[in-house]
Structures are given as C-alpha cells and as structure tokens.
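The values are calculated or read from the model by the stated rules, or taken from the named source; none is laboratory data. Please read these numbers as outputs of a predicted model, since none were measured by experiment. FYI the Cβ positions are ideal-geometry reconstructions off the backbone, even for glycines, and counts take in every protein chain you see. Side chains are part of the model used for accessible areas, which takes the heavy atoms of the whole protein and leaves out ligands, DNA and RNA. Shrake-Rupley method; radii C 1.70, N 1.55, O 1.52, S 1.80 Å.
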Amino acid sequence: MSQIKKGALLNYITVFLTNIVGLFITPFILNHLGKSEYGIYTAIGALVGTISVLDLGLNNTIIRFVAKYKAEKDRRSEENFLATTMLIYIAISIVITIIGFIFYGHIDSYFTKMNSEEINISKTIFILLIFNLAIGLPGGSFVAICYGYENFVFPKSINIIRYLLRTIVVVAILLVGGKAIALVIIDTVFNILFMLTEAYFVFFKLKVKIKLHYFSSAFLKKIFSYSIWIFVYGIVAQFQWKSGQIVLGNFSNTEVLAVYAIGLTLGSYYGAFSSAITGVFLPRATQMIVNNASPAELTDTMIKIGRVSFIVLMYVLGAFYLYGKQFVFLWVGESYYDSYIIALIIMVVYTIPLVQGFTGPLIEAQNKVAFKAIVYLIFLAFGTLLGFFLAKQHGAIGMIGGTVIGWFIAQNIMNVFYHRVLKLDILRFFRELFSKILITFLFILTVGYLINYIPGDGWINFIIKASFYSIVFIILMYKFGTITYEKDLFSGILAKIKK
C-alpha cells in the first residue's frame, strides 16, 4: 500500500478517534473541572487560538515548495527555503510572545465577569498556551516537511499515538484531582516531546538539511504571495469557530462559556461525518479539473457527491433534532439545554456548505481563492459583530445566531459566484439534491417523532430510540430516497463490510 493510501486510511482513523473518543472524554473533563474551569479552559484556548493565525499559512507553503524542490532535485534551494521559513517562524514566535505579554496585562479587564481566582487560573493557562504556540508553530514545520516528501505514515501515526496517550494521561490526571492548569501542562509536555520526535525523523531519517545560502527579498515575496490567502482562510476559521467565545468572555460568566463551548463541539462533529464521505470522491474531482471537464460534467459530479453527503447529514441531523436533547442531558446534564440549541443551529446552517464541498478544489484550480476568502471574512466579521449585540440580550444563543446569519449570507453570495463564475448549474444542483431525499426525510422525521414516545429517559431508552430510528432511516431512505447510482454505491459498501 502506498504512502498516500496509508495516509488516507490513517486520516479516517484519526477522524474516528477524535469524534468517538471526544464524545466520551468531553463530559468526563467537564464533570471533573466543573462548569467554571471548563469555561475558562475553552475561552482562553479560543483567545490564544486567534493568535495562531500568525502562522501566516506557512505550513501549507512548506509542503508546496518542499515537494517542488524535491521533484526538481534542487537540494540547495530546498535548504535555503527551509532556512528562510525558519527565520520567519522565529520572528513570528517573538511577535507572539510580545502580543502574549500585552494580552496578559489586560485579561482581568477583559473578562469582567470572572472573580479573582478565575482570573488567576486564566492568566496561568494563558501563559502556558502562549508558550505552546510560540514553540508549536515552528515545530509544525517538521510535519509539513514530511508531507512535502510524501511521507504521510509517520506524522499521522505519531498524531494518533499522541492523541491516545494524551487521552489516557488526561483521564489519569483528572482522576487524581488535576484541574485545567494540569491539562495545559500535559499538552505542553506532549508538544515538546513529539516535536523533538518529528525533528529527529526529519533530520536523521529523511536527511533534510536547513541551511541559509543566501537571503532574497524576492524569495520572501514569492513565499508570502502563496501563503497570504491561506492566512486569510485562517482568520475566517477563527471568526467561524472561536470569535463567539472571545466575545462572550467579555460580558458573560464562565458557565455561559462552557455551554457555548459544548454546543460548538457538537456542531463541529457534524462536519466530520460529511468530510469522511466527500474525502473519498475529491481525488476524482481534482482529476476532472485537471482534464478540463465541462461545467455540465462538473455539475453532475457535484450532484453525485452532494447527494451522498446529504443523505449521511440528514441521518445525523434528524437523529440530533429528535433525540439530541435527551442525548445532551444524559451526556453533560440538563443545564446544557442551550448547547443542544446551539449545536442544532450550527448543523442546519452548516449543511449546505458541507454538501457543496466539491467546490473547494474547483475554486483552487481556477485561482479564485481570494474572492471566497474575502467574502467569508467580511460576512463572518459582520456575523460576529451582530452576535455581540444579540448576545447582550440572548446570551450564547444570540451569539451563535449572529454568527450563522453572517455565514448564511456568505454562502448565498458564493452560490451566485458558483453559478456565474464557475458556470455550475446551481439551480439544477439543488433540484436534484433535494429530489426524493427531502420528501423521504420528512416522512422519516414523522416516524422518528412517534418513536420518541417510547417511555423512559436513560441511556438504554436513548439507544433503543436511536436504533429504531436508524433502522427506519436506512430502510426508507434506501427504498424511496436513493437513485440507482446511490443504491449500487451503498450495496457495494455493505458487500465489502460483509466480505
């Protein structure tokens, strides 16, 4: 099996682990930290996460240029490029440290609803996370170098090992009374150990050298011209997932921050289900683009990928809408009802961008990345501002409401862009996307609603309901919601599982 195929397999294992283990460990961490410390832990993490955009997209740039120089067998340019990026990373780490000290002095004035003990915990976590970030960004270049050398197995295997070991250590530390600061210390130790392991692999196994042969401002311009839009996408991601926690931190207590964080966690899991499906098809999509496929052919493929993804997402969305409240209450407690609402809002609005995942490589291939980045940056910033005002009256629900409004506007603008610029038939896409699936799904929801009348309220009751819903969904969707292509696809998957 090639490095690429092994890497893809390890990718799916990682997605599975992070989602399944995450579902189990999140309530465990929450119960042992308590709402207050968990709120602090997630809010400070989000704050430091926004500073991480100073990476400037250099990791992706390293992958591209290292692969290029390796293909050209130009060792001297590779060594010089890596030395230049390391100098940039050193400068970034210094800037991060300076910004960290500035933020540190204003934590107590920003998080106005925290008491003195919570502020002290926040400051300690903040300093540790800034240190993590300052060493972690340059350390991430070693993984990028591995990818540039098309060596995927080692870094992805290390990532899985790291995740499993961290989970075990976190559980052990919390069982003996550890708190949020202990979790951050664990992450710091793991970051250093695994960064050194990756560095050893790069220098002694791949025989990579880093040496500055010459310094060129033109070379810097070349690097940043590629990385700048990846940097903008990084800012977009911060607005999309982390800005709400930072805004709420200014005028909400730690309990509200914890509720919001749990809602975001559940919402982010939703996207993983779609990514696992679309990831199988995207290599074929990229090949079509390279072969100059017509807009009609691209629309056909987009519909195929979109429908399969839509079926999977409707299964998850329907289950969460019907039984999600019971799941959240059993998972983290009844005081997290708003987390259920936040997650449900994210899932509903996130559905269309997920089923249109095929447009990503299309935009990159036609060099239209800048337009999408700017549109999302503007309207997610608008959504965050709107969320700020709504949150004053409606708390965490208001914050996510404002965010998804900006998100929704941006997605509609992009649909016009897909139709007019990429020449995709978006009206046909939606018509064929909803064909058969939507009506079948509404009928399944009706049956699922009746299943909800099964008496009981514990985990066994939830599993029984979810199992009946799953059986109903599979039978009815396969019988009435799918077309021939999808029936053959799902039958093929079942046949492979049986084999």
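Going by what's in this entry, would K222 be described as in contact with a helix residue (DSSP H, G or I) (Cβ under 6 Å, 6 or more places away or on another chain), basic (K, R) and open to solvent by 80 Å² or more (accessible area, probe 1.4 Å)? Walk me through it before giving the result.
Numbers: in contact with a helix residue (DSSP H, G or I) (Cβ under 6 Å, 6 or more places away or on another chain): no; basic (K, R): yes; open to solvent by 80 Å² or more (accessible area, probe 1.4 Å): yes.
For K222, the condition - in contact with a helix residue (DSSP H, G or I) (Cβ under 6 Å, 6 or more places away or on another chain), basic (K, R) and open to solvent by 80 Å² or more (accessible area, probe 1.4 Å) - is not met.
Go through (1) without any contact (Cβ under 8 Å) to a residue 24 or more places away in the chain; (2) more than 29 Å from T61 (Cα to Cα); (3) open to solvent by 30 Å² or more (accessible area, probe 1.4 Å) for A182 and report which single condition fails.
Among (1) without any contact (Cβ under 8 Å) to a residue 24 or more places away in the chain; (2) more than 29 Å from T61 (Cα to Cα); (3) open to solvent by 30 Å² or more (accessible area, probe 1.4 Å), A182 violates only (3).
If you take the residues of region 102-124 that are among the hydrophobic types (A, V, I, L, M, F, W, C) and open to solvent by 30 Å² or more (accessible area, probe 1.4 Å), which of them is nearest to L248 (Cα to Cα)?
Just the residues of region 102-124 that are among the hydrophobic types (A, V, I, L, M, F, W, C), to begin with: 102-103, 107, 111, 114, 119, 121.
Those still in the list that are open to solvent by 30 Å² or more (accessible area, probe 1.4 Å) too: 102-103.
Details: I102: 20, F103: 17 Å.
The extreme case among them is F103.
Could you check I98 against (1) farther than 30 Å from T265 by Cβ; (2) touching a residue at least 40 places away in the same chain (Cβ under 8 Å) and say which number it fails?
Failed condition: (2).
Okay, residues lined up against (1) open to solvent by 30 Å² or more (accessible area, probe 1.4 Å); (2) at pLDDT 80 or above; (3) polar (S, T, N, Q):
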position	(1), (2), (3)
I40	no, yes, no
G49	no, no, no
G57	no, no, no
I88	no, yes, no
I98	yes, yes, no
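Looking only at region 125-147, count every residue that is closer than 17 Å to Y41 by Cβ, touching a Phe, Trp or Tyr at 6+ places or on another chain (Cβ under 9 Å) and either open to solvent by 40 Å² or more (accessible area, probe 1.4 Å) or not aromatic (F, W, Y) (or both) and tell me the total.
Looking only at that region, the number is 3.
Listed here are the residues, each with its yes/no results for (1) open to solvent by 20 Å² or more (accessible area, probe 1.4 Å); (2) modelled with pLDDT of 75 or more; (3) touching a Pro at 6+ places or on another chain (Cβ under 9 Å).
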| site | (1), (2), (3) |
| --- | --- |
| F231 | yes, no, no |
| G244 | no, yes, no |
| G249 | no, yes, no |
| A261 | no, yes, no |
| A285 | no, no, yes |
| M314 | no, yes, no |
| A319 | yes, yes, no |
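Can you tell me which of (1) part of a helix (DSSP H, G or I); (2) farther than 24 Å from E334 by Cα is the one N461 doesn't meet?
Going through the list (1) part of a helix (DSSP H, G or I); (2) farther than 24 Å from E334 by Cα, N461 breaks only (2).
Which residues, counting only those in region 379-435, are open to solvent by less than 10 Å² (accessible area, probe 1.4 Å) and polar (S, T, N, Q)?
T403
Wholly within region 132-242, which helices (runs of 4 or more DSSP H) include no fewer than the required count, namely at least 3 residues that are farther than 26 Å from V95 by Cα and among the hydroxyl-bearing types (S, T, Y)?
Values: elements: 153-175, 180-200, 217-241.
Once the helices (runs of 4 or more DSSP H) in region 132-242 are filtered for at least 3 residues that are farther than 26 Å from V95 by Cα and among the hydroxyl-bearing types (S, T, Y), what remains is 153-175.
Pairs only if they're at least six apart or on different chains, beta carbon under 7 angstrom, first in region 197-222 and closer than 30 Å to I158 by Cβ, second assigned to a loop (DSSP other than H, G, I, E, B) and at pLDDT below 85; list them, first residue then second.
L206/Y149; L206/N151
Examine region 483-496 for a residue that is at pLDDT 90 or above, touching a Phe, Trp or Tyr at 6+ places or on another chain (Cβ under 9 Å), open to solvent by 30 Å² or more (accessible area, probe 1.4 Å) and not charged (D, E, K, R), and state whether such a residue exists.
Of region 483-496, the ones at pLDDT 90 or above are none.
For region 483-496, residues at pLDDT 90 or above, touching a Phe, Trp or Tyr at 6+ places or on another chain (Cβ under 9 Å), open to solvent by 30 Å² or more (accessible area, probe 1.4 Å) and not charged (D, E, K, R): absent.
As an exercise: evaluate Q240 against (1) of a type outside the set (F, W, Y); (2) exposed (fewer than 14 other Cβ atoms within 10 Å of the Cβ); (3) in contact (Cβ under 8 Å) with a residue 24 or more places away in the chain and give the number of the one condition it does not meet.
Going through the list (1) of a type outside the set (F, W, Y); (2) exposed (fewer than 14 other Cβ atoms within 10 Å of the Cβ); (3) in contact (Cβ under 8 Å) with a residue 24 or more places away in the chain, Q240 breaks only (2).
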